[in-house]
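The structure appears right after this line, and notes come after that.
The values are calculated or read from the model by the stated rules, or taken from the named source; none is laboratory data. The structure displayed is predicted, hence computed values, not measured ones. Glycine also receives a Cβ, built like all others from the backbone with ideal geometry; neighbour counts cover every protein chain displayed. Protein only, heavy atoms only, side chains kept; ligands, DNA and RNA dropped before computing areas. Shrake-Rupley method; radii C 1.70, N 1.55, O 1.52, S 1.80 Å.
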Amino acid sequence: MNIQITYPDGRVEEKPSGIRAFEIAQQISPQFEKQLVAARINDKIVDLATSITEDSAIMFLKRTDGEAHDILLHSTSHIMAQAVKRLYPEVKVTIGPSIENGFYYDFDIDTPFTDDQLQAIEAEMKKIVKEDLPVERVELSRDEAIKRFEAMNETYKVEIISELPEDEIISAYTQGEFIDLCRGPHLPSTGRAGAFKLLSVAGAYWRGSEDNRMLSRIYGTAFPDKKALKKYLHLLEEAKRRDHRLLGKELGWFSFHEESPANAFFHQKGQQIYNGIIDYMRESNLRYGYEEVGTPLILSEELWHRSGHWENYGENMYFTKVDDRDFAVKPMNCPGHLLIFSDAAHSYRELPIRMAEFGRVHRHERSGVTHGLFRVRTFVQDDAHIFCTEEQIHDQVSLVLKQIFETYKDFGFSDVHVELSTKPEKAIGSAETWTKSEAILQKVLEDMEIDFQLNPGDGAFYGPKIDFHIRDSLGRSWQCGTCQLDFSMPERFELEYTGDDGAPHRPVMIHRAVVGSLERFMGILIEHYAARMPVWLAPVQVKVIPIADRHEDYAQSIVEHLKAAGVRVEANWKNEKIGQKIRQAELEKNPYMFILGDREVEEKKVSVRRHGVGDLGSVDLVEVSERILGEIRERTDQKV
């Protein structure tokens, strides 16, 4: 029996049923097949050894193809695990997923790995690649898999397999003496791996629980060739240089203290940047028709049961008692806004009602996952909720999306990736409501001609959502904004408005955040700009530097002029050499320096120096002040 194979150029050929993907590639050219790592059959990426038994469209993936990167990463993680088992046979293997631009593997070992051991593991990995071991997929019954891994004393694998259904067919991949559970696909042989590097070691609890054993985690990365790897390693070094935790400490913008673990203490200049983000969002909210509200930090347990947070988010919440009554510290602002809406009667003529709040929330994060400003236990979210009719949803969501894209552009982010996230396992509301909600959000995206990717099962527990990922100057992606459609909470809180028919109707609720956590967004901004903040956000916009004591009176008049104009300004009055003063201002990353000497005093001008650019010459004070004020008004972006 023959089947039809359709190639990317539209050509169709007949092949025998059961032919393997690599055999088709070899028929094209043996040299061509040797360049491949996987195949795409119809819409599914598979191993090259996959048999094809029905009419199919086929295309092949080379190591340099973007879609092949995840295969390369995961296959390299198996090579690493094999190298570890060769060098340390007593080690137990746990899990080893690929992550963005990298991979890790967790191992149970009595003495955790050190950085020095990574070189030996890397050397063994290179031997495994040179051996060019065939990588083969095997399928086992649950009982067969348990017996096989029990015989290897791989207790963690046995635990994973034991939790699967009894009739589950389990896939694993072998290469030489090594075998591990995996869905695949994988490289056809270890010799087709690219360039790789082991990066670091860390501790990690089994399954993320502090009640379990601490494991030793090895991080690594892999790329198609040495050139791509070198480029990525350079970006990693640049990322270290831009680490917001180091820059925040060096510049005195914020600090962390054991007296309140995983919570930021903002110093004056850091608070200025923080306030700048709030000021921007407050102005934006005003233009988009939001009314600002405020809600309490602590609300009763009954409220969180009613909203659904207790059952679906309780493990991330903090609890307390007041007068023997149970309360929770809010992890989200939405229930408070629901109560505000319910406090008065509403007509359809009032809708949509848009409530915004810079609400502080608290979420219990394990100490092992907290990370500077990126992941803290308390933060402020630029939260808002829109209460509207069902007919208004499309227009209101469209406005939310417009505000989000506008905001990212003003903060200097032009590369935005959009995802539509659908119903998760933990969810409230009927299947029909979920289907309707997902269709509405998808239509908005399509009508606005916004490219998006489907992200199944990652919606909020109360409704589907559109998530926004911004890419920074180093090419890293950060999820920030979200727009969530919620029919369930208005139902749970029995919200009503009076329609044009005089009858009560249920409003719909749209949850939205633009920058998300202000703390996290500030950390992203610091790393995106390497702390060289745009003029409008910089805590000090101009540093005035008199060269000698005789220039200080003129410097003081400059300071007063700039302050009166609304420019944030500081002067360096220290008795230091001019070179030291300039260097200090550069280290502080002040956008502008005004250097004042005899000539400037005489001509009533200022010598302007731009951070990262250099001297701009002697300029009239009014002229340069207007230029700076224009940058502040227009939020002109600096090069990053």
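Apply the a/c threshold of 1.5 to the C-alpha gyration tensor of the range 37-178 and tell me whether it is rounded, prolate or oblate. Provide the component values of the computation, followed by the final result.
On the way: a/c = 2.10, a/b = 1.24, b/c = 1.69.
Oblate shape, in that a/c is at least 1.5 and b/c is the bigger or equal ratio.
With the whole protein complex present, ASP47 retains an accessible surface near 20 Å², based on a 1.4 Å probe.
Per-residue ellipticity at 222 nm for the chain, helices alone: DSSP H runs ≥ 4 residues times -39500 (n - 2.57), over residue total, nearest 500 deg cm²/dmol? Provide the component values of the computation, followed by the final result.
Numbers: 20 runs with 226 residues, N = 640.
Dividing the helical sum by the residues of the chain leaves -11000 deg cm²/dmol.
In the distance distribution for the chain, Cα-Cα pairs more than 40 Å apart total 45 percent. Here's the picture: charge each Lys and Arg Cβ at +1 and each Asp and Glu Cβ at -1 in the chain, and of ALA202, HIS362, TRP304 the one pushed furthest to the positive end of that dipole is ALA202. Seen from a random direction on average, the alpha-carbon convex hull of the range 458-588 projects onto 13.8 square nanometres. Centre-to-centre separation between the Cα atoms of the range 1-73 and those of the range 109-140: 28 Å. Between the range 306-380 and the range 591-622, the alpha-carbon centres lie 50 Å apart.
Karplus-derived 3J(HN,Hα) values for the range 234-247, using 6.51 cos²θ - 1.76 cosθ + 1.60 with θ = phi - 60°, are 5, 5, 4, 5, 5, 5, 4, 5, 8, 3, 5, 5, 6, 5 Hz; glycine and proline are entered as x. When the solvent-accessible area of the range 1-117 is split by element, carbon and sulfur atoms take up 48 percent of it, the probe being 1.4 Å.
Please compute the Cα-Cα pair-distance distribution of the range 477-532 with 10 Å bins starting at 0, giving whole percents from short to long. Going from the shortest bin to the longest, the percentages are 20, 29, 21, 16, 11, 3.
Shape of the range 149-195 from the C-alpha gyration tensor: prolate (a/c of 1.5 or more and a/b above b/c, with a ≥ b ≥ c the square roots of its eigenvalues). Bridges between two residues of the range 375-475, per DSSP, are antiparallel at a rate of about 70%. Across the range 569-584, computed HN-Hα scalar couplings (Karplus, 6.51 cos²θ - 1.76 cosθ + 1.60, θ = phi - 60°) run 9, 9, 10, 9, 8, 5, 8, 10, 5, 4, x, 5, 5, 5, 4, 4 Hz from first to last residue, x flagging Gly and Pro.
A simple charge model with +1 on the Cβ of Lys and Arg, -1 on the Cβ of Asp and Glu and nothing else charged puts the dipole of the range 162-270 at about 980 debye relative to its Cα centre.
Extents of the range 318-457, taken as max minus min of Cα coordinates on every principal axis and listed largest first, are 51, 43, 34 Å. Whole-Hz Karplus values for the range 592-599 come out as 10, 10, 10, 9, 10, x, 4, 4 Hz, taken residue by residue from phi with 6.51 cos²θ - 1.76 cosθ + 1.60 and θ = phi - 60°; glycine and proline positions read x. Which Cα, out of THR320, ALA548, GLY294, lies furthest along the positive dipole direction of the chain (beta carbon charges, K/R +1, D/E -1)? Sorting the options by dipole projection puts first ALA548.
In the P(r) worked out for the range 297-354, what percent of Cα pairs fall beyond 18 Å?
Values: 664 of 1653 pairs.
Result for the distance tail: 40 percent.
Length, then width, then depth: along the principal axes, the Cα atoms of the range 223-317 run 57, 38, 35 Å.
Determine one quarter of the surface area of the Cα convex hull of the range 520-638, which equals its mean projected area, and express it in nm² to one decimal.
Numbers: hull surface 28.5 nm².
The orientation-averaged projected area of the Cα hull of the range 520-638 comes to 7.1 nm².
Each Cα pair under 8 Å and six or more residues apart adds its sequence gap; the mean of these over the residue count of the chain is a relative contact order of 9 percent.
With the convex hull drawn over the C-alpha atoms of the range 420-471, the volume per residue is 70 Å³. Rolling a 1.4 Å probe over the heavy atoms of the protein chains gives the chain an accessible area of 48 Å² per residue. Its Cα centre serving as origin, the chain has a Cβ charge dipole (Lys and Arg +1, Asp and Glu -1) of approximately 2300 debye.
The calculated pair-distance distribution of the range 564-606 uses every alpha carbon pair, bins of 5 angstrom beginning at 0, and gives 5, 18, 25, 27, 19, 6 percent.
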